[in-house]
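Participant: Following this message is one structure expressed as structure tokens.
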Amino acid sequence: MSIDVATEPAPGLRVRVEKVIEIIRPAIQADDGDIELHEVDEATGEVTVELSGACTTCPASDQTLKAGIERILKDRVDGVTSVRNVGETLNPDGPIGAPDPDEGTAVFL
């Protein structure tokens with residue numbers, strides 16, 4: 001005797017990412033920040049989010065993004081390869097608005 005069990009297909013990457021973001025959102029909101037999911041590239045696994053509120057001026061927001069949000073998403077959602085903030089460029093030299101590392105900086109003593 002066989003039992004027919006209907007199995008639902010696994011939800012798409014975006015749906016799984018959305019669920020995890022809803023779990024971590026309260027922790028970010030507790031510090032007067034917020035996170036909004038913008039894009040999930042199914043082919044590359046890159047997730048693009050926007051940190052807002054207190055996160056926009058917080059010096060630890062890069063750390064929150066990489067060591068917190070990205071780590072959690074990679075651990076809980078198979079297929080996520082990286083997470084970046086909307087304002088983040090692909091420039092490895094630093095965040096937007098940072099001085100160009102190739103330009104000299106005057107030091108006054």
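The values are calculated or read from the model by the stated rules, or taken from the named source; none is laboratory data. The structure displayed is predicted, hence computed values, not measured ones. Backbone-built Cβ (ideal geometry, glycine too); neighbour counts: all protein chains shown.
Participant: Based on this model, can you work out whether Ile23 counts as at pLDDT 95 or above, loosely packed, with under 15 Cβ neighbours inside 10 Å and of a type in the set (Val, Ile, Thr)?
Facilitator: Yes; evaluated as a whole, the condition is true for this residue.
Participant: Sticking with this one: Starting from the range 72-86, take each residue that is free of Cβ contacts under 8 Å to residues at least 24 places away in the same chain and list its partners that are buried (at least 17 other Cβ atoms within 10 Å of the Cβ), counting only C-beta distances under 6 angstrom and pairs at least six apart or across chains.
Facilitator: Taking only residues 6 or more apart or on different chains, the pairs are Lys74/Val80.
Participant: State the number of residues belonging to the range 52-77 that are in contact with a helix residue (DSSP H, G or I) (Cβ under 6 Å, 6 or more places away or on another chain) and either closer than 14 Å to Ala30 by Cβ or among the charged types (D, E, K, R) (or both).
Facilitator: 2
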